[in-house]
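What follows is one structure encoded as structure tokens, with my remarks underneath.
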Amino acid sequence: MAKQLVGIVMGSASDWEVMRAAADQLKEFGVPCESRALSAHRTPEALERWIAEMEKKGASCFIAAAGGAAHLAGVVAAKTLLPVLGVPMPSKHLQGLDSLLSMVQMPKGIPVATFAIGEAGAANAGLFAVAMLAGTDPAIARKLAAFRLKQTNAARAMRVPPPSG
Ligand code: RP5
């Protein structure tokens with residue numbers, strides 16, 4: 001069975017407000033994670049050390065989030081053989097489109113599985129990590145099936161309010 005540990009890394013502590021959605025999603029499924037603010041350009045050595053530590057602890061994947069010219073996820077992917085899930089952060093001037101393009105356009109050879117910009121992407125990266133673990137962990141698979149069913153039932157119960165007046 002794969003180790004239930006996910007590493008979440010973000011380029012700045014300012015990304016945490018968005019990235020807590022990934023950690024919350026993992027917590028909902030009882031999957032432990034370690035979250036760090038480490039930068040590919042401001043603290044490259046510390047980033048490399050942490051990746052190696054997480055590998056030693058048996059992490060199954062990394063979720064990497066950054067804004068701007070977001071090379072962090074690509075650098076993490078270059079330093080590990082584990083899957084890297086990239087979450088583009090909303091940025092000040094281009095609203096995260098720059099982050100999205102720099103993650104999703106990784107040159108052939110070192111993939112970064114790239115998610116939507118912002119909170120939905122963070123939550124979905126968490127859910128994707130859960131789905132990967134569900135492949136080898138039947139208890140997580142059952143929780144994921146229950147989560148999906150709850151979501152389906154909530155969508156079935158949706159009603160559009162009648163027109164006013
Ligand atoms: C990126 O620059 C970070 O991932 C963050 O999204 C953005 C802004 O960082 P701070 O200026 O808030 O530290 O490296």
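Straight-line reach only, C-alpha to C-alpha below 16 angstrom: list the lysines that K143 could link to, leaving out same-chain residues fewer than 8 apart.
Leaving aside lysines fewer than 8 places away in the same chain, those within reach of K143 are K27.
What's the angle, to the nearest 10 degrees (0 to 90), between helix 119-134's Cα axis and the longest principal axis of the chain?
It is inclined by approximately 80 degrees.
Provide the FRET efficiency to the nearest 0.05 for the L81-A157 pair, computing r from the beta carbons and using R0 = 35 Å.
Working from the Cβ atoms, E equals 0.20.
Counting only the heavy atoms of the protein chains, how much of K57 is accessible to a 1.4 Å probe, in Å² to the nearest 10?
90 Å²
Assign one of three labels to the chain, namely rounded, prolate or oblate, based on the Cα gyration tensor with a ≥ b ≥ c the square roots of its eigenvalues; rounded applies when a/c is under 1.5, prolate when it is not and a/b is larger than b/c, and oblate otherwise.
The shape class here is oblate.
Cα to Cα, under 21 Å, and not fewer than 8 places away if on the same chain: which lysines meet these conditions relative to K108?
Result set, ordered by chain and number: K79.
Work out how much length E55 to L149 would gain on full extension: take 0.36 nm times their residue separation and subtract the Cα-Cα distance, in nm to one decimal.
30.5 nm
Using the beta-carbon distance between V104 and S164 and R0 = 30 Å, what value does 1/(1 + (r/R0)^6) give for FRET efficiency, to the nearest 0.05?
0.10
For segment 1-47, what is the accessible area per residue in Å² when the probe is 1.4 Å?
51 Å²
In square angstrom, what is the accessible area per residue of segment 76-165 with a 1.4 angstrom probe?
65 Å²
At a 1.4 Å probe radius, carbon and sulfur cover how many percent of the accessible area of segment 1-131?
58 percent
Quick one: helix 44-56 against the long Cα principal axis of the chain, what's the angle to the nearest 10°, folded into 0 to 90?
Once rounded, one gets 70 degrees.
The values are calculated or read from the model by the stated rules, or taken from the named source; none is laboratory data. The structure presented is a predicted model; accordingly, all values stated were derived computationally and were not measured. Positions of Cβ are generated from backbone atoms using ideal geometry, with glycine treated the same way; all protein chains shown enter the neighbour counts. Heads up: the accessible areas ignore ligands, DNA and RNA and are worked out on the full protein's heavy atoms, side chains in. Shrake-Rupley method; radii C 1.70, N 1.55, O 1.52, S 1.80 Å.
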